[in-house]
Amino acid sequence: MNDAEAIQHLQQSDQYRVIERLKAPERYWQGEANTPRIGIVIDTEATGLDTVKDKIIELGFVAFEYDAGSGCIYNILHTYDAFEDPGEPLSDIVKQITGISDEMVKDQQLDDDTANAWLDKADLIIAHNAAFDRQMLERRLPICCKANWACTFNDIAWMDEDISSLKLDYIAYKLGFFFDGHRAVNDAQATLHMLTRALPNSGKLTMAELLAGAREKSRRFFAFRAPFEKKDDLKARGYRWLPDFEYLGKKGVWSMAVCEADIKAEQQWLTDSVYTGKTPQFIYKDITAVDRFSKREFKAD
């Protein structure tokens with residue numbers, strides 16, 4: 001019995017589920033894109049999770065051609081993976097999670113010219129948890145500041161697809177494949193592969209859903225000078241506390257972003273439920289893919 005026959009036999013029994021190891025192809029969809037665009041799926045490994053202080057130790061990305069209308073992914077244009085020496089010993093937890101050692105990064109440096117050339121070509125940069133990768137990369141490669149970004153972690157309604165964990169390896173499993181994770185280029189290839197799959201409930205192409213989410217405008221509200229006694233209501237609503245936010249000499253604010261369709265309802269809720277009997281003092285910032293997930297999203301204009 002060959003592999004194909006064994007897989008068919010197991011699946012027909014309805015007692016097993018077979019998933020395949022990811023083998024990154026050179027091309028996904030055949031033919032030519034009607035509205036060709038260049039995308040980059042990118043991933044970073046770093047010395048920690050602090051996007052202000054920690055340093056990138058590995059950068060991996062896959063550049064590819066996609067169709068802006070359908071979301072179909074065509075050619076793989078370039079694959080890049082490189083280490084960078086942070087100038088300090090790696091912590092034990094970083095070594096354990098990433099498998100990267102001090103010897104692997106010693107005296108290594110990213111190729112800025114190659115990375116910048118591809119980043120400059122990209123119509124869209126994609127990451128799984130773009131709030132981390134974008135903020136890390138904007139410090140190291142400022143060309144990322146002007147790009148459109150999308151996030152496979154936030155921009156797809158995974159819960160509606162009965163995918164309860166947003167970890168990349170779990171989503172991959174639910175979509176029928178597995179990979180060797182926690183290395184930058186492997187995670188980038190897995191994220192790209194995920195975008196070529198149909199979502200389990202809706203049947204929609206994952207990349208098409210990502211594009212729809214990235215194109216949607218949103219508004220980030222800052223509940224400036226919200227009464228202290230409303231903090232539990234704000235937290236329950238989904239607002240989170242931004243301690244470093246500063247406006248008119250005052251630091252700290254409760255903040256949340258909502259989609260364009262929910263803007264009026266959110267303004268009414270803030271007026272009625274937070275600033276009850278007082279003049280509303282919330283401020284807001286309209287967000288597109290150019291600023292989304294950047295530190296700029298969380299600062300008052």
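Each reported figure results from applying straightforward, stated rules to the coordinates on display, with no laboratory input. Keep in mind that this is a model prediction, so the values were computed, not measured. Cβ coordinates were reconstructed from backbone atoms using ideal geometry, including for glycine residues, and neighbour counts include every protein chain displayed.
Miscellaneous remarks
- Relative to the current alpha-carbon distance between Cys145 and Asn129, full extension at 0.36 nm per residue lengthens the span by 4.1 nm.
- Tensor-based shape of the stretch 145-301 (alpha-carbon gyration tensor, a/c under 1.5 rounded, otherwise prolate or oblate): prolate
- Compared with the alpha-carbon gap, the fully stretched path from His182 to Lys299 is longer by 39.0 nm at 0.36 nm per residue.
- In terms of distances greater than 32 angstrom between alpha carbons, the cross-link table entries Lys217/Lys278; Lys121/Lys250; Lys230/Lys299 yield Lys121/Lys250.
- Restricting attention to the stretch 3-214, close to 70% of DSSP beta bridges with both partner residues there are antiparallel.
- Working note: Debye formula, equal point scatterers on the alpha-carbon atoms of the chain, no solvent; log10 I(q)/I(0) at q = 0.11, 0.12, 0.16 Å⁻¹ is -0.77, -0.89, -1.33.
- Kirkwood Rh in Å, taken over the stretch 34-184 so that all alpha-carbon pairs contribute: 16.4 Å
- Mean sequence separation of contacting Cα pairs (under 8 Å, at least six apart), scaled by the length of the chain, corresponds to a relative contact order of 17 percent.
- Computed over Cα pairs, the Kirkwood radius of the stretch 218-298 leads via Stokes-Einstein (1.567 mPa s, 4 °C) to a diffusion coefficient of 100 µm² per second.
- Applying the Karplus relation 6.51 cos²θ - 1.76 cosθ + 1.60 with θ = phi - 60° to the stretch 168-184 yields 3J(HN,Hα) values of 4, 5, 6, 4, 4, 4, 5, 9, x, 8, 9, 7, 8, x, 6, 10, 4 Hz, where x marks Gly and Pro.
- Take each peptide in 200-208, 233-241, 89-97, count the other Cβ atoms within 10 Å of every residue, and average; sorted highest first, the result is 200-208, 233-241, 89-97.
- Amide H to amide H, with H built 1.01 Å from N, Ala150 comes under 5 Å of Ile125, Ile126, Ala127, counting only residues 5 or more places away or on other chains.
- Taking 0.36 nm per residue of separation and subtracting the current Cα-Cα distance, fully stretching the chain between Lys167 and Gln281 would add 37.3 nm.
- Estimated inter-spin distance, Ala236 and Gln12, nm [label 7 Å along Cα→Cβ]: 5.6 nm
- Here the 3J(HN,Hα) profile of the stretch 58-69, calculated from phi with Karplus coefficients 6.51, -1.76 and 1.60 at θ = phi - 60°, is 8, 10, x, 8, 10, 8, 8, 9, 9, 9, 5, x Hz, Gly and Pro shown as x.
- Estimated from helices alone, the mean residue ellipticity of the chain at 222 nm is -8000 deg cm²/dmol (sum of -39500 (n - 2.57) over DSSP H runs with n ≥ 4, per residue).
- Over the stretch 218-298, Cα pairs under 8 Å with separation of 6+ residues give a relative contact order of 45 percent.
- Taking amide H as placed 1.01 Å from N in the peptide plane, Gln108 has its amide H under 5 Å from the amide H of Asp85, each at least 5 places away in sequence or on another chain.
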